[in-house]
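J.: Let me begin by handing over the structure; questions about it come next.
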Amino acid sequence: MSIHPTAIIHPDAEIADGVEVGPYVCIEGSALIGTGCTLQAHSILTGDVQLGENNLIGYGAVIGAAPQALSFHPGIKSSVIIGNGNTIRESCTIHRGMKEGGVTRVGDHNFLMAGSHLGHDVQLGHHVILANNVLLGGHVEIGDRAFIGGGAVFHQFVRVGELVVAQGNSAFSKDIPPYLIGAERNEAFGLNAVGLRRAGFTQETRNEIKEAFKLLYKSGLNTRQAVIESKKRVWSEAVQLFFRFVETATKRGIVSLAYQTGDSPE
């Protein structure tokens, strides 16, 4: 363990062996910090924060601050739980849960570039990349292996599916189903074909996902009708995940297909 003499650490904090705490780091509460973590200079952990193993907390990052909501009461006990192997770069902010016992959760092996913001109760999956200055409102859910471009913003309660790519500087107040390319304002630009190949999906599965995409967006059926139609045949697990997501979309619905978008290349 290496703790710089200028660091300020609450006596209730639990710090494992192999942790590096840099200059002017401030740990204000009963944080739990797993082995191999690095807290770079001027980073702040406040309140109930749990870090797994081998996480990097960048310069000036603030983890566990109160939600940005006028109705939040400072006496509420909520937390931030972060898994293993995450890189959280400089000036990122992750706010704790909104209600008593609420949790903002970050999975494993995610990469949050500088300036990213996770609002209260965000649920971030595994192997997610958030480019610089991505803003996630409260209760946003991001699925595994999603890539969110720089400056993209997400309204509270929005859900983003597995292997989604979202264009930088885009804005979303509707859900983005798995495997899609989200862009502009609540639009889909087709399938993330490159991401599906890189993720190891077989040609057969990719073709089936393409069929599901056409059923949802190009059959002339509305979303509810497309989901009903999808239940008339047997799909692979990947496609079942796709339609389960669509069927359980938030009340705002899912992104619409951009005008004159062609099929994604294979």
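J.: Please verify whether GLY151 is in a loop (DSSP other than H, G, I, E, B), of a type outside the set (Ser, Thr, Tyr), over 20 Å from ASN84 (Cα atoms) and more than 12 Å from the chain's Cα centre (by Cα), treating the condition exactly as stated. If you could, list the steps in order and put the result at the bottom.
T.: Working: in a loop (DSSP other than H, G, I, E, B): yes; of a type outside the set (Ser, Thr, Tyr): yes; over 20 Å from ASN84 (Cα atoms): yes; more than 12 Å from the chain's Cα centre (by Cα): yes.
Yes: the conditions hold for GLY151.
J.: Moving on to the next point. For the range 37-55, which residues satisfy the criterion of being modelled with pLDDT of 95 or more and farther than 13 Å from GLY83 by Cβ? First the steps, then the outcome.
T.: At the first step, the residues of the range 37-55 found to be modelled with pLDDT of 95 or more are 37-46, 48-55.
Result: THR38, LEU39, GLN40, ALA41, HIS42, SER43, ILE44, LEU45, THR46, ASP48.
J.: Continuing with this model, one more query. With acidic (Asp, Glu), within 25 Å of HIS126 (Cβ to Cβ), assigned by TED's automatic domain parsing to the domain that holds LEU130 and modelled with pLDDT of 95 or more as the only criterion, which of GLU14, GLU100 stands out?
T.: Working: GLU100 fails: within 25 Å of HIS126 (Cβ to Cβ).
The conditions single out GLU14.
J.: Then there's this: Within the bounds of the range 234-243, is there any residue that is closer than 28 Å to ASN110 by Cα and in a loop (DSSP other than H, G, I, E, B)?
T.: Here is the first cut: in the range 234-243, the ones closer than 28 Å to ASN110 by Cα are 236-243.
Keeping just the survivors that are in a loop (DSSP other than H, G, I, E, B) gives 236.
Within the range 234-243 (the criterion being closer than 28 Å to ASN110 by Cα and in a loop (DSSP other than H, G, I, E, B)), the answer is yes, since at least one residue qualifies.
J.: Something else about it: Where residues in the range 92-129 are more than 11 Å from the chain's Cα centre (by Cα) and part of a strand (DSSP E or B), which of them is surrounded by the fewest Cβ atoms within 10 Å (Cβ to Cβ)?
T.: Filtering first and then ranking leaves VAL103.
J.: Same structure again: Scanning the range 224-266 for residues that are hydroxyl-bearing (Ser, Thr, Tyr) and either surrounded by 15 or more Cβ atoms within 10 Å (Cβ to Cβ) or modelled with pLDDT of 95 or more (or both), which turns out nearest to PHE201 (Cα to Cα)? I'd like the intermediate steps shown before the answer.
T.: Of the range 224-266, the ones hydroxyl-bearing (Ser, Thr, Tyr) are 230, 236, 248, 250, 256, 259, 261, 264.
Filter again for either surrounded by 15 or more Cβ atoms within 10 Å (Cβ to Cβ) or modelled with pLDDT of 95 or more (or both), leaving 230, 236, 248, 250, 256, 261, 264.
Values: SER230: 20, SER236: 11, THR248: 24, THR250: 27, SER256: 25, THR261: 23, SER264: 15 Å.
Selected residue: SER236.
The values are calculated or read from the model by the stated rules, or taken from the named source; none is laboratory data. Note that the structure is a prediction, hence the values are computed from the model and not measured. No Cβ is skipped: glycine too gets one built from the backbone with ideal geometry, and neighbour counts run over all protein chains shown.
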